[in-house]
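Down below is the structure, laid out as structure tokens.
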Amino acid sequence: MAAKNILAELGTLLMQGGVEVVDLSGPLGPDTPLLKLPPELAKDTPRIEVHKISEYDKDGPFWAWNWLKIGEHSGTHFDAPHHWITGKDYPDGYTDTIPAKNFVAPVNVIDCSAEVAANPDFLLTAAGVQAWEARHGAINAGEWVVMRSDWDKRAHDEALYLNADATGPHSPGPTPDCIDYILSKGALGWGTQCIGTDAGQAGGMTPPFPAHNLLHKANRYGLASLANLDKLPPKGAILIVAPLKLVQGTGSPIRALALVAR
Ligand code: 23J
Ligand code: MN
């Protein structure tokens, strides 16, 4: 392939709007919804804090800047293999050691929004992925698979986003066989629009939290709290999802972007 020519053409298309850059990140700040784990099981990630250093005042007369307190797994974010015990032994499984080429790849968008509107506990199965492939084409090795649920429309309200009752959180996600199947196709990773890559009720699955367990065991990646997947085609978009180069980080907030032909 004449990569040089294709890149030059891409530059022109970006300039002229023939390729659109779609923002797949939600706002990141003190009101960003955060995961709540059962307190008897685990500590939670703390709320995001933004502390002013100066804003054109006595602490910095000509400049404004802040410092942040923020968990690695906050808002729209990337899960690295070291996040889970099954992936803890990969030397290239930290935010600073994952090969950069894995941050740019094609994405398959599986639209489950109708199913999720009818049932917030909807689970995407391997058979569901195969039915999608029969319509839209095969998932290829090295590509992302993301589940469109339109759950981002709830992200302005943490209670609505977490959707918890006495039986725990209720949000959609994958079955274990769904993750096994996409890994068998060589997927680079799995992304969702919910607080984590797993369904709300995934703690009771075998294995518990199958997206985390199985993806990271395979040295593959997760994406959580993706926004605007309703603006992507089922196939053909390029996803750009680069975590901060945190030293030995287990994950990182990202500005998730998609390149989409218009
Ligand atoms: C820790 C424990 C359980 C979960 C998570 C983190 C996440 O969703 C995450 O952000 O990786 S489910
Ligand atoms: Mn995470």
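Before moving on, here are some points about what is shown:
- Computed over the alpha-carbon pairs of the chain, the distance histogram in 10 Å steps reads 7, 29, 35, 20, 7, 2, 0 percent, short to long.
- Screening the chain for whole DSSP H helices of 20 Å or more along their axis (Cα) with average Kyte-Doolittle hydropathy at least 0.0 returns none.
- Alpha-carbon Rg/Rh ratio, for the range 59-100, with Rh computed the Kirkwood way: 1.23
- Shape index of the range 1-135: Rg/Rh, with Rg the Cα radius of gyration and Rh the Kirkwood radius from the inverse mean 1/r over Cα pairs, equals 1.05.
- Among 130, 16, 201, the residue with the largest mean-square fluctuation in a Gaussian network model of the chain, with springs joining Cα atoms closer than 10 Å, is 16.
- Choice from 252, 113, 225 with maximal GNM fluctuation in the chain (Cα, 10 Å cutoff): 113
- Pairs of Lys residues in the range 43-189 that lie 8 or more places apart, or on two chains, and have C-alpha atoms under 30 angstrom apart add up to 13.
- With the charge dipole of the range 52-130 set up from +1 on Lys and Arg Cβ and -1 on Asp and Glu Cβ about the Cα centre, the Cα lying farthest toward the positive end among the listed residues 66, 109, 95 is that of 66.
- Dipole check for the range 139-259: with +1 at the C-beta of Lys and Arg, -1 at the C-beta of Asp and Glu, and the Cα centre as origin, the magnitude is about 440 Debye.
- Of all DSSP beta bridges in the chain, antiparallel share, percent nearest 5: 70
- What you get for the chain, charging only the Cβ of Lys and Arg (+1) and of Asp and Glu (-1), is a dipole of about 580 debye around the Cα centre.
- Among 83, 73, 51: highest mean-square fluctuation, GNM of the chain, C-alpha pairs under 10 Å: 51
- Here the range 64-176 is assigned +1 on the Cβ of each Lys and Arg and -1 on the Cβ of each Asp and Glu. Its dipole about the Cα centre then comes out at about 160 debye.
- Anisotropy class of the range 151-197 from Cα gyration tensor, a/c 1.5 cut: oblate
- Positive dipole terminus of the chain, leading residue within 168, 207, 76 (C-beta point charges): 76
Any read-out appearing in this document is the output of simple, stated calculations on the displayed coordinates, not a laboratory observation. What you are looking at is a predicted structure, and each value in this text was computed from that prediction instead of being measured. Here Cβ is always computed from backbone atoms with ideal geometry, including for glycine, and neighbour counts include all displayed protein chains.
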